[in-house]
Amino acid sequence: MPKSAFVNVRVDPETKEQAEHVFSELGLSTSEAVTLFLRQVILRRGLPFDVRLPNAETLTALREDVSALPGYDDASRLLDDALNEAD
């Protein structure tokens, strides 16, 4: 089947650049990677990865052990950074 549909997506330039670097290392173009993602969505009838919020137990563990992560002395900052990266 010839490819004739277009998908327009807005992402910040840094995210695009970093993703394209990974795709390149995998031998994929951005178009091939998006097609692969879409085929996995169809195959799995959903996203091909877990999308969920951390439960209370995980949040407690992160708050208790945040000192083990270099560059973070505050669990709130770590969680904010993690949630911002997910956006």
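We did not get these values from a lab; they are worked out from the coordinates using the rules stated. Only a predicted model underlies this, so the values are computations on that prediction, with no experimental measurement involved. Reconstructed Cβ throughout: ideal geometry from the backbone, glycine too, with neighbour counts over all protein chains shown.
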Mind putting together the pair-distance distribution for the chain? All Cα pairs, 10 Å bins, whole percent per bin, short to long. 13, 30, 30, 22, 4, 1
Average projected area of the Cα convex hull of the stretch 1-51, in nm²? 4.7
Qualifying trypsin sites (Lys or Arg not before Pro) for the stretch 1-44 [loop in DSSP, other Cβ within 10 Å: at most 14]: LYS3, ARG10
What's the longest bit of the chain with no exposed chymotrypsin sites (Phe, Trp or Tyr not before Pro), using DSSP loop states and at most 10 other Cβ atoms within 10 Å as the test? 7-48
Angle in degrees between helix 13-25 and the longest Cα principal axis of the chain, rounded to the nearest 10: 70
To the nearest 10 degrees, how steep is helix 56-65 against the longest Cα principal axis of the chain, on a 0 to 90 scale? 60
Using the basic label-point model (7 angstrom from Cα toward the beta carbon), what is the VAL41 to ALA82 distance in nanometres? 2.6
